[in-house]
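*Asks:* Before anything else, here's the structure in question.
The values are calculated or read from the model by the stated rules, or taken from the named source; none is laboratory data. In this text the structure is predicted, and so the values were computed from the model without any measurement. As a convention, Cβ positions derive from the backbone with ideal geometry for all residues, glycine included, and neighbour counts pool all protein chains shown. These accessible areas exclude ligands, DNA and RNA; they are computed on the full protein's heavy atoms, side chains included. Shrake-Rupley method; radii C 1.70, N 1.55, O 1.52, S 1.80 Å.
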Amino acid sequence: HHGSSEPQKRMFPSDFLFGAATAAYQIEGAWNEDGKGENIWDHMVHTNPSVIPDKSNGDIAADSYHNYKRDVEMMRELGLNAYRFSLSWARVLPTGITNQVNPAGINFYNNYINEMLKYNITPIVTLYHWDLPQKLQELGGFVNPLITQWFEDYARVVFENFGDRVKKFMTFNEPREICYEGYGSTTKAPMANSTAMGTYKCAKNLVVAHAKAFHLYDKEFRPTQKGECGITISVNWMGPASDSPENETAAEIARQGEWGLYAHPIFSSEGGFPKELAQKIAEKSAQQGYRQSRLPEFTEEEKDFVRGASDFFGVNHYTAFLMTPMKYKGIFPVPSILDDMNVMWNWPAEWSQSASFWLKMAPNSLYNALTHLKAKYNNPVFYITENGWSTTPDSGLVDDARVTYYRAALENVLDLLEAGVNLKGYMAWSLMDNFEWMRGYTERFGLYEVDFSDPARTRTPKKSAFVYKHIIKNRYVDYKYEPESLTMTID
Ligand code: GBH
């Protein structure tokens, strides 16, 4: 079927979960309402607004805090089986720690969850999608090992309050983006830019924090609540630009640095950080005069604690890169993870470009990524927890490029199921247009358009919403389907 214009009709299993995803800071707004505390995004956009090109922020965003019933109505229109959203830590615990639980925050999430359950939509909850309470950042955030305790305490409040109805939890969304972008560079809050060690210290603390929350769930909550707890890692496909041994090595080092740092300690049978990368960092650190490797070590006890600590592997997948060794000198900061890996990301000119510079349509990237993970980590349960395509704000409701992207991705999902990958669900990113982090409102990922100039934040379905709905309902990818009009109903 690859490459043919008329793929044969293959069906998605009836229990396969189709959903859509969002994140609290990107949609909720109400940044200081009803007792919510300040988080690192509130703090950054208010103290340093020029880091966002349109100088926008998530103060109101899609205003889901006040529009949650409309959000659930959209889920019903699409016929979603599941909805993945995140909790705002500072809305639940305004100062980050548990001395003060915010009843209005608990109430809001109860209403959101109950509204979904009324219509048989499975809530999938991410505990942390990048919005650390500012008070905890002032103590170092993820580079302070105390984060493991803070996170476990927060997780307990979440499981206690919502675990009677929520059966699928994930601890962290995208450790790489938290650690590398937030602490090792300046592309996410808190823009720590600690290039030598920020990524690595955060990586260790984050996987231990994840494991603490997992074991808490496993021991104290699973016996009565009977759900699952996992983690979501961003896994774009990184293959060799050609099959030369140099390129193969570059691709493997890139995979270890981009997601292996977080996946290997949890999902590999040996545990700990990926070996080849660890060795490179140790060698460079020694050359650079460090007494120890800049990459921390796990004790044997920590290794065992983290290894196997997940019920499933959540994958956020968007695109692919073709890797070569770095050909130029002086491009990367020294010391840094980029210099430690010393590889180059390449794209063939023929891959079409989204509104986001990093996101191109890469053929079979989802298939390549998941079959690789299956082989490497002994086929755990997988969920695709994000996958999507960006357009510009003025590109209108007829989003044919997004339709093409989703059809190709879902064709890959069918290939993966045929290849025996233990894949249980697929979440589109995103249910609606939202605050796209450092890109503000200049890039749009929604199945629904949101009018950010309208105080009501009116939501309107794009063509891709109708196509996705048709796929969910009929359980196959119908290439001939064209919506008759863009008028949405609840079936
Ligand atoms: C996901 O991350 C996020 O989970 C989600 O919140 C987000 O809205 C979605 O993607 C779309 O971006 O070099 O400064 O341009 C996907 C992973 C997104 C990581 C873009 C790298 C580039 C940062 N990546 N990012 S920058």
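*Asks:* So which residues in region 83-100 are touching a helix residue (DSSP H, G or I) at 6+ places or on another chain (Cβ under 9 Å) and more than 20 Å from residue 27 (Cα to Cα)?
*Replies:* 95, 96, 97, 98 - these are the residues of region 83-100 that are touching a helix residue (DSSP H, G or I) at 6+ places or on another chain (Cβ under 9 Å) and more than 20 Å from residue 27 (Cα to Cα).
*Asks:* Looking only at region 117-148, count every residue that is crowded, with 17+ Cβ neighbours inside 10 Å, part of a loop (DSSP other than H, G, I, E, B) and aromatic (Phe, Trp, Tyr) and tell me the total.
*Replies:* Here the count works out to 1.
*Asks:* Looking only at region 279-307, which residues are touching a helix residue (DSSP H, G or I) at 6+ places or on another chain (Cβ under 9 Å) and either in contact (Cβ under 8 Å) with a residue 60 or more places away in the chain or open to solvent by less than 50 Å² (accessible area, probe 1.4 Å) (or both)?
*Replies:* Scanning region 279-307 gives 280, 281, 284, 285, 293, 294, 295, 296, 298, 302, 305, 306.
*Asks:* Looking at the structure I just gave you, is residue 356 part of a loop (DSSP other than H, G, I, E, B) and within 16 Å of the ligand (Cβ to nearest atom)?
*Replies:* The answer is yes for residue 356.
*Asks:* A further question on this structure: Out of 405, 367, report the one residue that is open to solvent by 10 Å² or more (accessible area, probe 1.4 Å), within 17 Å of residue 316 (Cα to Cα), within 14 Å of the ligand (Cβ to nearest atom) and in a helix (DSSP H, G or I).
*Replies:* Numbers: 367 fails: within 14 Å of the ligand (Cβ to nearest atom).
It is 405.
*Asks:* Right, here's the next one. Does residue 114 satisfy the criteria of being part of a helix (DSSP H, G or I), more than 17 Å from residue 213 (Cβ to Cβ), without any contact (Cβ under 8 Å) to a residue 24 or more places away in the chain and away from the ligand (no atom under 16 Å from the Cβ)?
*Replies:* No; evaluated as a whole, the condition is false for this residue.
*Asks:* Moving on to the next point. Output the qualifying pairs, or none if there are none: Cβ atoms under 7 angstrom, residues six or more apart or on different chains, first residue in region 42-67 and small (Gly, Ala, Ser), second residue open to solvent by 40 Å² or more (accessible area, probe 1.4 Å) and modelled with pLDDT of 95 or more.
*Replies:* Going by the 7 Å Cβ cut-off, the qualifying pairs are 58/31.
*Asks:* Exactly one condition in (1) open to solvent by 40 Å² or more (accessible area, probe 1.4 Å); (2) in a strand (DSSP E or B) is false for residue 385; which is it?
*Replies:* Against the list (1) open to solvent by 40 Å² or more (accessible area, probe 1.4 Å); (2) in a strand (DSSP E or B), residue 385 comes up short only on (1).
For every residue, the table says whether it meets (1) away from the ligand (no atom under 16 Å from the Cβ); (2) free of Cβ contacts under 8 Å to residues at least 60 places away in the same chain; (3) more than 19 Å from the chain's Cα centre (by Cα); (4) under 23 Å from residue 300 (Cα atoms).
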site	(1), (2), (3), (4)
169	yes, no, no, no
174	no, no, no, no
184	no, no, no, no
190	no, no, no, no
195	no, no, yes, no
201	yes, no, yes, yes
212	yes, no, yes, yes
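*Asks:* Working only within region 257-278, note down all residues that are free of Cβ contacts under 8 Å to residues at least 40 places away in the same chain and closer than 21 Å to residue 205 by Cβ.
*Replies:* Listed by number, the residues that qualify are 260, 264, 270, 271, 272, 274, 275, 278.
*Asks:* Please give the number of the condition residue 396 fails out of (1) within 30 Å of residue 290 (Cβ to Cβ); (2) surrounded by fewer than 18 Cβ atoms within 10 Å (Cβ to Cβ).
*Replies:* Among (1) within 30 Å of residue 290 (Cβ to Cβ); (2) surrounded by fewer than 18 Cβ atoms within 10 Å (Cβ to Cβ), the lone unmet condition for residue 396 is (1).
*Asks:* Just give me the residues in region 189-221 being open to solvent by 30 Å² or more (accessible area, probe 1.4 Å) and either touching a strand residue (DSSP E or B) at 6+ places or on another chain (Cβ under 8 Å) or under 30 Å from residue 47 (Cα atoms) (or both), in sequence order.
*Replies:* If the condition is that a residue be open to solvent by 30 Å² or more (accessible area, probe 1.4 Å) and either touching a strand residue (DSSP E or B) at 6+ places or on another chain (Cβ under 8 Å) or under 30 Å from residue 47 (Cα atoms) (or both), then 190, 191, 192, 193, 194, 195, 197, 201, 204, 218 are the ones that fit.
*Asks:* Sticking with this one: Can you name every residue in region 473-490 that is under 22 Å from residue 9 (Cβ atoms) and open to solvent by less than 40 Å² (accessible area, probe 1.4 Å)?
*Replies:* Matches in region 473-490: 475, 477, 478, 483.
*Asks:* Now for a separate question. Give the residue, chosen from 333, 348, that is more than 21 Å from residue 472 (Cβ to Cβ) and either touching a helix residue (DSSP H, G or I) at 6+ places or on another chain (Cβ under 8 Å) or in contact (Cβ under 8 Å) with a residue 60 or more places away in the chain (or both).
*Replies:* On inspection, the qualifying residue turns out to be 333.
*Asks:* Taking residue 94, is it in contact (Cβ under 8 Å) with a residue 40 or more places away in the chain and touching a Pro at 6+ places or on another chain (Cβ under 8 Å)?
*Replies:* Considered against the rule, which asks whether it is in contact (Cβ under 8 Å) with a residue 40 or more places away in the chain and touching a Pro at 6+ places or on another chain (Cβ under 8 Å), residue 94 comes out as yes.
*Asks:* Same structure, new question: Could you check, for region 370-382, whether at least one of its residues is within 27 Å of residue 442 (Cα to Cα) and surrounded by fewer than 20 Cβ atoms within 10 Å (Cβ to Cβ)?
*Replies:* No, every residue in region 370-382 fails to be within 27 Å of residue 442 (Cα to Cα) and surrounded by fewer than 20 Cβ atoms within 10 Å (Cβ to Cβ).
Let's see how each residue does on (1) assigned to a helix (DSSP H, G or I); (2) of a type outside the set (Val, Ile, Thr); (3) open to solvent by 40 Å² or more (accessible area, probe 1.4 Å):
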site: 409; (1), (2), (3): yes, yes, no
site: 434; (1), (2), (3): no, yes, no
site: 464; (1), (2), (3): yes, yes, no
site: 471; (1), (2), (3): yes, no, no
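*Asks:* I need the full set of residues from region 308-322 which are away from the ligand (no atom under 16 Å from the Cβ) and open to solvent by less than 10 Å² (accessible area, probe 1.4 Å), in order please.
*Replies:* Taking region 308-322 and keeping what is away from the ligand (no atom under 16 Å from the Cβ), we get 308-312, 322.
Within region 308-322, 309, 312 meet the criteria.
*Asks:* Give the residue that is least open to solvent (accessible area, probe 1.4 Å), with candidates limited to residues of region 149-173 that are among the polar types (S, T, N, Q) and over 13 Å from residue 128 (Cα atoms).
*Replies:* 161
*Asks:* Go through region 437-448 residue by residue and tally those that are within 11 Å of the ligand (Cβ to nearest atom) and open to solvent by less than 20 Å² (accessible area, probe 1.4 Å).
*Replies:* 4
*Asks:* Right, residue 355: surrounded by fewer than 21 Cβ atoms within 10 Å (Cβ to Cβ) and touching a residue at least 40 places away in the same chain (Cβ under 8 Å) or not?
*Replies:* yes
*Asks:* Output yes when any residue across region 415-427 is open to solvent by less than 10 Å² (accessible area, probe 1.4 Å) and within 13 Å of the ligand (Cβ to nearest atom), and no when none is.
*Replies:* There is at least one residue in region 415-427 that is open to solvent by less than 10 Å² (accessible area, probe 1.4 Å) and within 13 Å of the ligand (Cβ to nearest atom).
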